[in-house]
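The structure under discussion appears below in the form of structure tokens.
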Amino acid sequence: MPSLPSTYLSPLMVKQMFDRDSCTYTYLLIDSETHEGAIIDAVKEQLARDLQCIEELGVELLYCIETHVHADHVTAAGSIRQKTGAQIAYSQSAAIKSIDLELNDGDELILGKHKIKALSTPGHTAGCMSFYVEGMVFSGDCLLIRGCGRSDFQQGDSTDLYRSITQKLFTLPDETLIYPGHDYNGKTCSTIAEEKRWNPRLGQGKSLDDFLQIMQNLNLALPKKINEAVPANTNCGINFRPDAYIHEDFSMQSLYEVWRQQEASDNILIVDNRTAKEYAAGHIPRSQNIPLGTEPQYLEALKSYEHLYLYCHSGRRSQTALTNLSILGLDNMTCVSHSGLPEWIQLGYPIE
Ligand SMILES: [Fe+2]
């Protein structure tokens, strides 16, 4: 894995990226010691940009975090999961199909030595969450810079929004940096103190009645992509996740039994979903390296096998590779989904 450039000395690096069409901010958070990362609110049209950034910085992406079900753009979360094995995290109350982590208020996602804390902040939508980490809050479409999200669709509720901002976000320390989900005027960052003072909708102690009055008179047009975005985003922006082939009890010991029988059979293939570099450093004999994300290149060759067995380092990538291959039409696959090569080595099984 390449090193981060030495200029990135901060232990938690934050990259703010922008989608011009929807004015969405996407954030990439990277622990600069472990290179573990999380991406917040990735946009489908910016998938190539984000994957390139993840690769160039040598990030092992653990989480695709969504602040809410977006109405103005389609998320890239499903595609990023396919390419990186990251887990998709959403508020439980967003009720999204095929996610990996359902978050409740106060839950924490561990990123190296950092903790990303989920704050339930409904109002723009019923399932909105903000995320707090070390003096920064990623506020999605709840609190914007000198504004706030609208509340007139997707179970939005202005009273809830008022409470989320005034009773939750405004109770964070004044110096907390606010990184919003959107900005339409080129502003990139604010602080809690600034918004308490200068936010025209909620600042200077505006009452709930004042706020409701403002929100009732916004008269906004519907987002132009709402009819496409909301249905797509309720499925992580992509149409899948058949979990039918993941056997919870398939262990490294089970894989060893398969491996012992494999010599006598041309119909079985053990697949290593780690990177070429990891594979070169040591792998299960007779396994084939198919790094996560490269499955389409190998599809025709893989079709000739009766059964595939997938493994990686921890089980995360092989589980995603299995999903990718099943979308491409393969079946008869099994993966080691909760373990990987370190256990194989620990058990004293052969390696080459
Ligand atoms: Fe939104």
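Derivation of every value follows stated rules applied to the coordinates shown; laboratory data play no part. Predicted, not measured: the structure shown is a model, and the values here were computed from it. Cβ coordinates were reconstructed from backbone atoms using ideal geometry, including for glycine residues, and neighbour counts include every protein chain displayed.
Numbers at a glance
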{"read-out": "Rounded FRET efficiency, nearest 0.05, which uses the C-beta distance separating residue 97 from residue 281 and R0 of 41 Å", "value": "0.65"}
{"read-out": "Value of Rg/Rh across region 62-101 [Cα atoms, Kirkwood radius]", "value": "0.93"}
{"read-out": "Per-peptide average of other Cβ atoms within 10 Å, ordering 146-152, 189-195, 295-301 highest first", "value": "146-152, 189-195, 295-301"}
{"read-out": "Fully extended contour minus Cα-Cα distance, from residue 225 to residue 307, at 0.36 nm per residue", "value": "25.3 nm"}
{"read-out": "Orientation-averaged projected area, Cα convex hull of the chain (nm²)", "value": "18.4"}
{"read-out": "Kirkwood hydrodynamic radius over Cα pairs of region 1-159, then Stokes diffusion coefficient at 25 °C and 0.890 mPa s, in µm²/s", "value": "155"}
{"read-out": "Within the chain, helix-based [θ] at 222 nm, where runs of 4 or more DSSP H residues each add -39,500 (n - 2.57), nearest 500", "value": "-7000 deg cm²/dmol"}
{"read-out": "Backbone N within region 103-138 under 20 Å of label point (7 Å from residue 159 Cα along the Cβ vector)", "value": "120-128"}
